Structures are given as structure tokens and as C-alpha cells.
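Structure first, then comments.
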Amino acid sequence: MKRRVGIIGVGVSKFGRRDDVTVRELAWESIREALEDAGLTQKDIDLVVAGSTAYRGVELYPAPPVSEYSSLLGKTPLRVEAACATGSAAAFTAVNSVASGSAEVVLAVGFDKMTEVDTPTSLAIGGRGGNYQWEFHMYGTTFPSYYALYATRHMAVYGTTEEDMALASVKAHKYASMNEKAHLRNRVTVEDVLKSRLISWPIKLLDSSPISDGSAAVIFASEEKIRELKVDTPVWIEGIGFGSDTSSIARRGEWTSLRAAREAAASAYSLSGRTPSDVEYATVHDCFTIAEIMAYEDLGFAERGKGATLLREGQTERGGRVAVNLLGGLKAKGHPLGATGLAMLYEVTKQLREEAGPVQHQFKNYVALTHNVGGTGHYAYVTVLSR
Amino acid sequence: MQAIPLELRYVIPERGYEKFWEGLKKGEIWATKCKRCGSLYYPPQRDCPVCMTSELEWYRLSDRGELMTYTVVKAKPQGYEDREDYTIGIVRTEDGVDLMCWIKGVPRVGSKVRLGTDGDRVVGETA
């Protein structure tokens, strides 16, 4: 990066089925919190990068209504999209705008109102999350079915079991129960997960993240601006790695790991000069339980095929070797696509600042990362941060 | 309140891929192959971005392969709601091409599959 960039404000809305708001109020919830957290007003913001998939809400071009409602007119010239990694795409755009010198203070806001359509419609939109003609049209793929193809292969090659995957769900629900803004706050057992309704074998309802509404906002600033504002605890971006892969899942050639995520991780580690063992806290993209297991492997926290071991040994719990998703993960906190990547930065920022309350992890060197996957590995971003 | 529904009615082109769609009706699976570098494309492509050429020829794929992975779809999307549960698989053909198909018979990773079509899609039957 040409200039050092840090996070100076974060906000996140309540996630869940938000019948009480339109996308404008929903986005404002996190924008307001981020501005207050940074101690800034709209006039301090040079650029707004809006991130939203916007396929499931009535507002197909939601950036202008959000910008108008939040008094951010004249600063919002674009909306970015990278499926489930949309929030990270917004962060990537914002960070590079600051790093390049084209802006000093940039607000990235991610939001999606996903529950405005019914579930079959939502499945049909997610099922197009690959290649319409060659997958959805002919085979009726759904988003869970894509990840199920990975789960089946991981089970066959490495002996990962449905019980192993269930452990990721149990952990997610446990931490979400302590997060007032989480979508699903009930605790579940391995048995609950195994007995839950089949969605796309071997994926069951309780292996799956919910369809959520929500928003998240992060304010980035240049090092110079951070010194000028005398920010107490800036959280520094040490590197953002990215990757991408084929639209057709069959063409990936392997179904036990996400190449895009491995490449994003390698790049983020290289940019930051960190290694997997330096990472004390991580948010990983657990849209389905198998995705959390693969994330451990793709990030180098575990060897290929051994991801489930970390869950069995509790190494990714609070106080473990690397604490993961202590706000409940996508699985239970919720997964509003446009918000997720920025909600991960919110979570890591709160942890690194030691403002995470009941789920505060103890840091030695204050190094963390976010791992955000778009589609079924079509896009990936890994961001290394430190205090 | 109820918002105004948005009905998206799409028409998509078949041009350049007639051979594939006609093949599906006859139980055949066709890929394309670059005449210059030999790259094999499935799904078929009209262009080879490796050598920047549009000189590709049709190549009929083997009807034998191995099941790499699969899933049984229970929660179905719009457009497939009225279907019985179906099994989506990825099969590696003897040509080394990985393709999506529906699987009939008992699925097992590693099982041998005989590939055909049902007129609208590729279907693999496990041995």
C-alpha cells in the first residue's frame, strides 16, 4: 500500500428478520454508530463506498436512497458487489482509495434486506450464484447444494463427519447467544443439528446460516489523518489479499478447499509479513458449517483435511490458540451478504480495541484477520489487521 | 405492505451452442476443443482465451467417468419446486473433464458412472 490505512470507526445494525425497517433505516443504524464511534460527522467523510447485492430487496439500486437518508449526498458515486464478499469488496475499494491518496476519510457501508422475498425465490437467486445456464438452468442448484458438494467430498477424502460439522454450529450459536445484535440467539446441541431438516444432503438447516437483514459500516482514514484526529486506538490494515475462481463449480478440479481463499490468505500473509501462527483472532466465512472447517485449512490454522480437529479440541474458542467468530459467525449472528465483510471488520476492531465485552479475547501481539468468501469461492478476501 | 412484484422474463441466446443442445436430445455430451492449443472447454466455449482464437471444434466427451462428489437436493428453488428430490453430482470423465450432472442410482464418491442425458441435462447412472 502506498499509504498506511487504519480503521477509526465501526458500526453494525441488529441482524435478523428486520420487518421493522426499509433498507434506508437499516443502513443508517450502522452508519450512525460508525460516525459516533469515530466522533465524526458526514462532512468529515470524503467518499462513501456502498456495498450491497441488492437482489432480494425491492430497492434494486439502493445506494442513492441510503445516501439520501443518511445525508451522504455527493459522496456516494458507486455501489460494489462481490456476492457474499460484497462487504470486503467495499472495504477493499475504500482502503485503496485512501492508500492511493484519492481520499483521506472513507466510509464503507454494506447492507442487504434479504427477507423481502420468500425462501424459494431466495434459493433461486442463490442457485444462480454460479453459472446460470450451465448449472442452475439444467440442474436446479441451490446455494446450500454448492457447499454440500464440498462437504460430501471433504467427508469422503478426509473422513470429516456430520458430527464434526455440527460442532461449528454449536460453537456459533453459543457465542451468538451472548451477542444482542445476533439473528439467532438460541443455543443448539450436536443432536439438534443432526436432527434438523435436510436442506441439501449432507447440509441440514442447522448447518446453514440464516437469511438475514442487516448492515455494517467501517470508517477508514490515512495515517496522517489519524494522527491529526488523535485517534486513541486505530486498527491498522496490514494487508488485504484477494482471490477468485471459476463460475462453474465443476471446473474447480477439487472440492475440499477453496482455491480463491488460499490465494487470498497467501497474499495477505505476504503483504503483512505475518504467518498463520501469528494470528490470535479471526473471523471466518462460516456460511455453512463445512465452510468453517475448510477456512481453518485454507488459512493455514490446520493442515489440509484436519480442520475439524480444531473444533474437536476447542482451539478456536475464546481463549483458544486462535479465537474464531466470537460474535456468532455467519451461522448464528446472521449473514446479510452486503454487510458480512464489514461486520467482520467491526468484530475484529472491537476485539483489538478490547471493547468486546463478554467475548473479549486476550491478545499478546494484537494480530487478527478476516476471511470473507463470495459465492462458493468465486471471490475471497483475507485482511490482516493489528493494533 | 405488498410491493409491486417484479417479473423478469428472460430470453437467452443459443447461438454457437446448437451442437450441444441438439446433442443433449440424442444422449450425447459435447465440449469444444481449441484447434490451436488443444484446450478442452466444458461448458463449451466459442472462444479460446488462452491463444486468443475462435477456431474451436466440437469434441464428443466419453460416456464413462467417476463420481467426485454429490448432494441430494431437498429444499428446491423456484422453477424446481414440483420435482422429486434430485441428486446433483460432479463426474470426472475419462477425458479428464469435470462436469455437473444429475445422478441416478445409489451415489458414492469414487463410483463408476455411465453418462447419458434425459434430453434436457446430463445424467449419470452409478454402477
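The values are calculated or read from the model by the stated rules, or taken from the named source; none is laboratory data. These numbers were taken from a predicted model, which means no experiment stands behind them. Counting neighbours? That spans all protein chains shown, and the Cβs are built from the backbone with ideal geometry, glycine included. These accessible areas exclude ligands, DNA and RNA; they are computed on the full protein's heavy atoms, side chains included. Shrake-Rupley method; radii C 1.70, N 1.55, O 1.52, S 1.80 Å.
All conditions but one from (1) closer than 30 Å to A:Ile290 by Cα; (2) surrounded by 13 or more Cβ atoms within 10 Å (Cβ to Cβ) apply to B:Leu40; the one that does not is (1). With respect to (1) modelled with pLDDT of 95 or more; (2) open to solvent by 60 Å² or more (accessible area, probe 1.4 Å); (3) closer than 19 Å to A:Tyr139 by Cα; (4) not small (Gly, Ala, Ser), the lone exception for B:Lys35 is condition (3).
For residues that are assigned to a strand (DSSP E or B) and not hydrophobic (A, V, I, L, M, F, W, C), tally how many sit in segment A:51-100.
Here is the first cut: in segment A:51-100, the residues assigned to a strand (DSSP E or B) are A:51, A:78-80, A:82, A:84.
Next, only the ones that are not hydrophobic (A, V, I, L, M, F, W, C) stay: A:51, A:79.
Of the residues in that region, 2 qualify.
Scan A:Ile290, A:Ile219 and give me the residue that is over 12 Å from A:Tyr381 (Cα atoms), touching a strand residue (DSSP E or B) at 6+ places or on another chain (Cβ under 6 Å) and open to solvent by less than 40 Å² (accessible area, probe 1.4 Å).
Values: A:Ile290 fails: touching a strand residue (DSSP E or B) at 6+ places or on another chain (Cβ under 6 Å).
Just one listed residue meets the conditions, A:Ile219.
In segment B:1-28, the residues that are free of Cβ contacts under 8 Å to residues at least 40 places away in the same chain and more than 10 Å from every other protein chain (Cβ to nearest Cβ) form Cβ pairs under 8 Å with partners that are charged (D, E, K, R) and open to solvent by 100 Å² or more (accessible area, probe 1.4 Å), at six or more places apart or across chains, as follows: B:Gly16/B:Arg46; B:Trp21/B:Glu14.
Has segment A:189-197 got any residue that is open to solvent by 10 Å² or more (accessible area, probe 1.4 Å), at the interface with chain B (Cβ under 9 Å from one of its Cβ atoms) and in contact with a helix residue (DSSP H, G or I) (Cβ under 8 Å, 6 or more places away or on another chain)? Yes, segment A:189-197 contains at least one residue that is open to solvent by 10 Å² or more (accessible area, probe 1.4 Å), at the interface with chain B (Cβ under 9 Å from one of its Cβ atoms) and in contact with a helix residue (DSSP H, G or I) (Cβ under 8 Å, 6 or more places away or on another chain). Among the residues of segment A:101-128, those that are assigned to a loop (DSSP other than H, G, I, E, B) and among the aliphatic types (A, V, I, L, M) comprise A:Ala103, A:Met114, A:Val117. With respect to the conditions (1) polar (S, T, N, Q); (2) open to solvent by less than 40 Å² (accessible area, probe 1.4 Å); (3) under 21 Å from A:His335 (Cβ atoms), A:Asn186 lacks only one, and its number is (2). Look at segment A:76-96: where a residue is in contact (Cβ under 8 Å) with a residue 60 or more places away in the chain and at positive phi and a partner is aromatic (Phe, Trp, Tyr) and not in a helix (DSSP H, G or I), sitting 6+ places away or on another chain with Cβ atoms under 8 Å, you get A:Ala83/A:Tyr379.
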